[in-house]
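The structure appears right after this line, and notes come after that.
The values are calculated or read from the model by the stated rules, or taken from the named source; none is laboratory data. These numbers come from a predicted model, not from an experiment. Reconstructed Cβ throughout: ideal geometry from the backbone, glycine too, with neighbour counts over all protein chains shown.
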Amino acid sequence: MTILLTGSSRGIGAAIHRALTDAGASVIGHGTASGIPADFADPAGPTALWNAALEQAGGEIDRLGQDFGKVDDQLGVLRGAADGFSASVG
């Protein structure tokens, strides 16, 4: 099984990557510290990531795992502001 995992270069994403690999999956990572880079602020970023991952996987990806996220304290997320949370998740 081949899995594309976003946000896999550190933290929880890196732990998920290791666990999937240990379970026998072929994991293609995405992230800033390792894996395939992609700028999700750019509308073309997700497509570029998908195409690069497909090429690396030989044309077939079985699953997509999403662990990509960003918390911007200026939005007030860490203080529990509902508008900050809404802005950070879209």
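Some points to look at:
- Scanning region 1-10 for residues that are surrounded by fewer than 21 Cβ atoms within 10 Å (Cβ to Cβ), closer than 16 Å to Ala52 by Cβ and within 11 Å of the chain's Cα centre (by Cα) returns a single hit, Ser9.
- Considering region 55-87, and only residues there that are surrounded by 15 or more Cβ atoms within 10 Å (Cβ to Cβ) and at pLDDT below 85, the residue that is nearest to Ile12 (Cα to Cα) turns out to be Asp67.
- Only listed residue being surrounded by 13 or more Cβ atoms within 10 Å (Cβ to Cβ), small (Gly, Ala, Ser) and touching a residue at least 12 places away in the same chain (Cβ under 8 Å), chosen from Ala33, Ala52, Ala48: Ala52
- Test: residue in region 11-22 that is modelled with pLDDT under 70 and either under 16 Å from the mean Cα position of the chain (by Cα) or crowded, with 18+ Cβ neighbours inside 10 Å (or both): no
- Some residue of region 9-24 being in contact with a Phe, Trp or Tyr (Cβ under 7 Å, 6 or more places away or on another chain) and among the hydroxyl-bearing types (Ser, Thr, Tyr): no
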